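Structure first, commentary second.
The values are calculated or read from the model by the stated rules, or taken from the named source; none is laboratory data. Source: prediction; values computed, not measured. When we count neighbours, we look across all protein chains shown, and the Cβ atoms used for this are built from the backbone with ideal geometry, even at glycine.
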Amino acid sequence: MRGATRVEPEHIKKLLRAALEGGADFADVYFEYRRSRSFVMEDGRVRTVGGGVDLGVGIRAVKGEAVGYAYAESLELDSMLRAATTAGQIARAGRRKRVSVERRRIRAMYRPTLEVVDMDGADCVALLRRADKAAREASRKIVRVDASLAAVHKEVLVASSDGAIVFDEQPMVRMGVSAAARAKGRTEQGSSGGGGRFGLEYFDAHTPESHGEEAARVALVNLDSREAPAGTMPVVLANGDSGILLHEAVGHGLEADFNRKETSNYTGQIGESVASPLVTVVDAPRIGGERGSINVDDEGVVPSAHRLIVNGKLRRYLYDKISAKHFGVEPTGSGRRQSFRHVPMPRMSNTYMEAGEDAPEDIIRSVKRGIYAVRFSGGQVNISNGDFVFSLTEGYLIEDGKVTAPLKGANLIGNGPDALATVSMVGSDFRLSDGMWTCGKDGQSVPVGVGMPTVKLDQLTVGGTAVGS
Amino acid sequence: MSGPSRATRARLDILEEAAMRALECASALGLDHAEVSASEGESLEVNVRQGAADLVKESRSRGIGMRIVHDGRVATSATTDLGVEAVQAFVAGLADMVRFSEEDPLALPPSPREQTGAWDDLDLYDPKTARIGPKRAISMATRAEKAAFKQDRRITSSEGAGFSRTIGFSVLATSGGFVGRNFGSNQYLVAHVVADDEGGKKRNGHYWSGGRHFDLVGSPEAVGREAAARACRAIGSRKMATGVYPVVFDKEAAGTILGLLGSCIMGDRIYREQSYLAARLQDAVASPLVTVIDDPRIPRGPGTRPYDAEGRRTRKNKIVTKGVLDGFLLDTYSARKLEMKPTGSAAGGGGVPHPTSSNFYMKAGRQKPASLLKGIDKGLYVTNMMGFGFDAMTGNFSRGAGGFLIESGELTTPVGEITISRNLDEILKGIEAVANDLEFRTSVAAPSFRVDQMTISGN
């Protein structure tokens with residue numbers, strides 16, 4: 001490690017002691033060293049190259065459920081100690097704790113060969129060119145293509161006064177392509193993106209061409225799109241990206257901080273039925289290479305997969321250390337943060353619905369009139385009342401069991417438990433989305449993964465403009 | 001208004017030295033152009049829940065962001081390490097990266113003649129802000145939360161109340177000789193509480209106050225009471241029947257709609273043809289009741305700035321006048337692409353500049369807000385929206401919404417879990433009444449307005 005291993009174990013102990021000085025229950029230090037590289041191609045020309053190095057340490061002192069936090073943007077002992085003392089002020093009195101920390105080795109689920117961040121710039125540009133070319137070659141109607149490639153190499157070292165020091169490397173690569181298509185005076189766009197905790201090998205399985213072609217395909221489909229219907233109707237969610245529904249409809253509401261504060265609509269619902277018996281939801285942080293995967297969380301806890309909902313019954317929340325203590329359970333390794341400048345809180349990793357037994361064709365065939373939702377641009381949830389929305393960017397009408405006309409973008413809205421109670425068919429075709437999702441909470445962004453088999457919801461409100469058609 | 005204090009000048013001097021050092025490194029390496037933004041910030045954030053502090057966070061950060069343009073090629077980077085050797089290595093790294101970018105003659109920075117030499121004090125800094133310590137902050141948040149619980153017994157839980165304050169100092173220096181110095185403060189008090197509804201549903205309400213100066217925070221109790229009122233008014237929310245109805249947006253929801261228009265008049269969206277307004281200059285794009293202005297020079301304004309990220313003096317720009325599209329917001333690059341004049345709207349100093357709005361507002365009308373409901377037999381009053389369902393390229397708009405049913409000109413039952421949809425072009429043209437309740441609390445602000453019809457999707 002170029003950043004955090006420069007920190008001496010003695011210094012780590014000093015910082016933890018300083019943070020515990022006022023009587024905190026425990027303290028942790030989070031060292032981060034992050035290099036990034038990005039290339040932005042605009043309409044066939046590399047408009048800018050960016051990147052940089054960020055380095056620092058975040059220090060947290062916890063007393064009960066209260067958190068004191070401060071950070072330093074350098075690894076000089078004096079400035080780190082100042083931050084530790086500031087953080088420790090949250091606790092005013094109490095017994096001082098002994099500090100002993102030991103290095104703990106963890107098993108890595110992802111291990112990139114060559115970091116994209118270290119790749120030759122010309123090779124990165126070549127990847128963008130391939131995506132650009134593929135999108136343009138898809139059709140003469142493609143009038144504009146933009147593409148970007150971003151890579152991050154992050155190293156973290158987390159040390160906690162309750163014992164362990166862990167180190168992890170967290171690579172990330174992401175490619176995004178957007179294409180505009182024009183015909184008969186109408187312009188529409190499509191986009192495609194993906195990546196994960198990979199190095200260059202990501203592009204073996206997912207070529208830049210595949211993203212270029214996919215962006216062009218969506219743009220061309222949307223050229224023929226018509227007004228989406230308005231009203232409540234059956235919705236078939238395609239496999240993969242539709243996992244965003246779970247992320248919004250249940251995932252956030254199961255983050256234990258909201259439940260500890262009793263502000264989630266899932267508060268007090270453990271053991272209760274919160275979805276159709278066909279629904280089993282998993283949060284799995286250790287799937288090799290996925291965008292939401294982590295070897296260790298940002299509190300130093302090694303996470304494992306957890307089934308949050310089993311056959312429709314709520315089984316557990318996602319816990320960070322503070323909320324685990326509140327509920328008297330073990331943390332699930334869900335304490336994550338955007339950077340050393342931020343406090344950790346419970347977050348999702350890769351959240352998905354397990355496959356069922358229905359054939360995807362049968363699911364579509366079962367719908368007389370409804371919509372088939374394929375791609376989405378994002379979603380949001382109101383934690384307290386459970387209402388969630390997600391925005392459709394590629395969808396089709398289903399008429400008499402057949403997928404027919406493409407639809408203009410529309411919002412879908414539902415209420416978490418109500419919507420999931422209407423899940424009546426679950427496909428056997430489970431798929432994880434290619435890594436492109438970023439989740440925002442309290443102003444902090446973290447990469448996440450989603451996944452879904454083809455699923456039928458008997459009732460969901462579709463926010464189109466066509467009434468009664 | 002008085003000039004900067006000695007302490008403020010000293011902080012700005014340090015930043016200016018750092019920026020100059022980076023520029024010297026660039027010039028020593030023979031790079032054609034460079035822009036450096038050096039900034040420093042200090043902030044405090046506290047949160048109080050159920051009467052006790054559950055977060056005290058203090059931050060301090062300092063760093064530089066730098067853009068270089070060499071042979072018409074662009075590279076950007078940022079660092080927090082301002083040591084002499086570190087900055088040298090940092091600039092050398094930029095010089096190494098720039099060769100992978102491709103030549104674009106339009107990427108050159110503005111000529112020094114276009115940059116401003118002087119700027120006014122727009123009253124963005126309150127010396128009181130930095131003196132608010134954790135104790136005072138916790139006390140204000142505690143009062144706000146307490147007032148919320150006291151206001152209504154139906155308030156059962158709380159995300160808490162928080163106070164945050166930040167002061168920031170920045171220097172923008174370019175190889176063309178421009179040096180700008182700016183500093184400002186901000187503080188907010190927010191309360192976020194939850195009321196219990198039937199069937200385990202919860203209703204949340206939040207409200208905030210604050211701004212550039214501490215006195216804008218006002219009474220903590222008032223913030224708590226308003227948050228409680230907002231949670232309680234949503235109790236019993238229900239869907240409404242799918243159909244086409246007149247819609248009144250309260251001033252906050254109206255501001256959100258105006259923000260969508262804002263995203264469609266940015267120069268970069270225009271030259272990329274990613275806006276439905278790209279070819280609509282001098283066209284009617286809204287009802288004649290609509291006038292929209294971007295004014296970066298409102299004293300104490302949340303979006304106020306004396307100079308833009310490329311060193312141009314900022315100015316008031318007319319966007320829509322009585323429904324007609326007057327202009328776009330442009331930085332140097334988008335102006336050159338479109339063969340128009342820059343509007344002093346660049347943001348992103350030290351990175352790739354891009355146009356942005358400052359204080360972007362719709363002019364107030366004459367009607368009282370309540371009069372917007374008059375004559376509506378059945379309609380929707382929108383107080384909040386959810387999601388991101390907007391496509392700037394086509395103007396298609398579809399979002400989750402909540403608010404109240406309007407029946408016979410009166411607000412009746414609360415409504416939720418519905419969507420509202422229509423193309424933005426039609427929404428703006430459909431504005432048939434504008435109220436007089438504009439306030440500059442946020443950098444994008446609009447008065448309440450009524451739209452003749454939208455599609456509501458419910459049950």
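Taking A:H206 as the residue in question, decide whether it is surrounded by fewer than 21 Cβ atoms within 10 Å (Cβ to Cβ) and within 21 Å of the chain's Cα centre (by Cα). It is true that A:H206 is surrounded by fewer than 21 Cβ atoms within 10 Å (Cβ to Cβ) and within 21 Å of the chain's Cα centre (by Cα). Quick check on the stretch A:264-285. Is at least one of its residues surrounded by fewer than 24 Cβ atoms within 10 Å (Cβ to Cβ) and under 29 Å from A:S148 (Cβ atoms)? Yes: one or more hits. Among all residues of the stretch B:235-245, there is at least one that is more than 16 Å from B:A392 (Cα to Cα), assigned to a strand (DSSP E or B) and of a type in the set (K, R). Selection over the stretch B:375-394 of residues that are within 14 Å of chain A (Cβ to nearest Cβ), farther than 30 Å from A:S178 by Cα and of a type in the set (S, T, Y) gives a count of 1. On inspection, B:S371 qualifies as surrounded by fewer than 18 Cβ atoms within 10 Å (Cβ to Cβ) and polar (S, T, N, Q). The condition of being more than 12 Å from chain A (Cβ to nearest Cβ), surrounded by fewer than 20 Cβ atoms within 10 Å (Cβ to Cβ) and without any contact (Cβ under 8 Å) to a residue 40 or more places away in the chain holds for only one of B:G177, B:G218, B:G210, that being B:G218.
Annotation note: of A:R226, A:R337, A:R286, the sole residue that is basic (K, R), farther than 28 Å from A:I413 by Cα, within 14 Å of chain B (Cβ to nearest Cβ) and out of contact with any helix residue (DSSP H, G or I) (no Cβ under 7 Å at 6 or more places or on another chain) is A:R337.
Please list, ordered by residue number, the strands (runs of 3 or more DSSP E) wholly in the stretch A:426-469 having 3 or more residues that are under 14 Å from A:T351 (Cβ atoms).
Counting at least 3 such residues, we get A:437-441, A:444-452.
Annotation for the stretch A:254-261: at least one member residue is over 19 Å from the mean Cα position of the chain (by Cα), surrounded by fewer than 24 Cβ atoms within 10 Å (Cβ to Cβ) and either within 14 Å of another protein chain (Cβ to nearest Cβ) or not acidic (D, E) (or both). Somewhere in the stretch B:358-366, is a residue closer than 26 Å to B:V36 by Cα and buried (at least 21 other Cβ atoms within 10 Å of the Cβ)? Taking every residue of the stretch B:358-366 in turn, at least one turns out to be closer than 26 Å to B:V36 by Cα and buried (at least 21 other Cβ atoms within 10 Å of the Cβ). Among the residues of the stretch A:277-295, those identified as at pLDDT 95 or above and aliphatic (A, V, I, L, M) are A:L278, A:V279, A:V281, A:V282, A:A284.
For the stretch B:333-355, filtering for residues that are surrounded by fewer than 24 Cβ atoms within 10 Å (Cβ to Cβ) and among the β-branched types (V, I, T) leaves 1. Please determine, by comparing only the residues of the stretch B:424-451 that are more than 23 Å from the chain's Cα centre (by Cα) and within 14 Å of chain A (Cβ to nearest Cβ), which one is nearest to B:R212 (Cα to Cα). Looking at the filtered set, the residue picked out is B:V451. Going through (1) touching a Lys or Arg at 6+ places or on another chain (Cβ under 7 Å); (2) within 11 Å of chain A (Cβ to nearest Cβ); (3) surrounded by 19 or more Cβ atoms within 10 Å (Cβ to Cβ) one by one, B:L106 falls short only on (3). Within the stretch A:351-394, being surrounded by fewer than 21 Cβ atoms within 10 Å (Cβ to Cβ), of a type in the set (G, A, S) and either within 13 Å of chain B (Cβ to nearest Cβ) or assigned to a strand (DSSP E or B) (or both) holds for A:S377, A:G378.
For the stretch B:263-286, the set of residues classified as surrounded by fewer than 20 Cβ atoms within 10 Å (Cβ to Cβ), under 26 Å from B:R366 (Cα atoms) and of a type in the set (G, A, S) consists of B:A284 only. Residue pairs whose Cβ atoms lie under 6 Å apart, separated by 6 or more positions or on different chains, with the first residue in the stretch A:130-153 and away from every other protein chain (no Cβ under 12 Å) and the second at pLDDT below 95 and in a helix (DSSP H, G or I), are A:A151/A:V116; A:A151/A:V117; A:H153/A:V117. Here is the figure for the stretch A:395-413: residues that are surrounded by fewer than 22 Cβ atoms within 10 Å (Cβ to Cβ) and modelled with pLDDT under 95 total 0.
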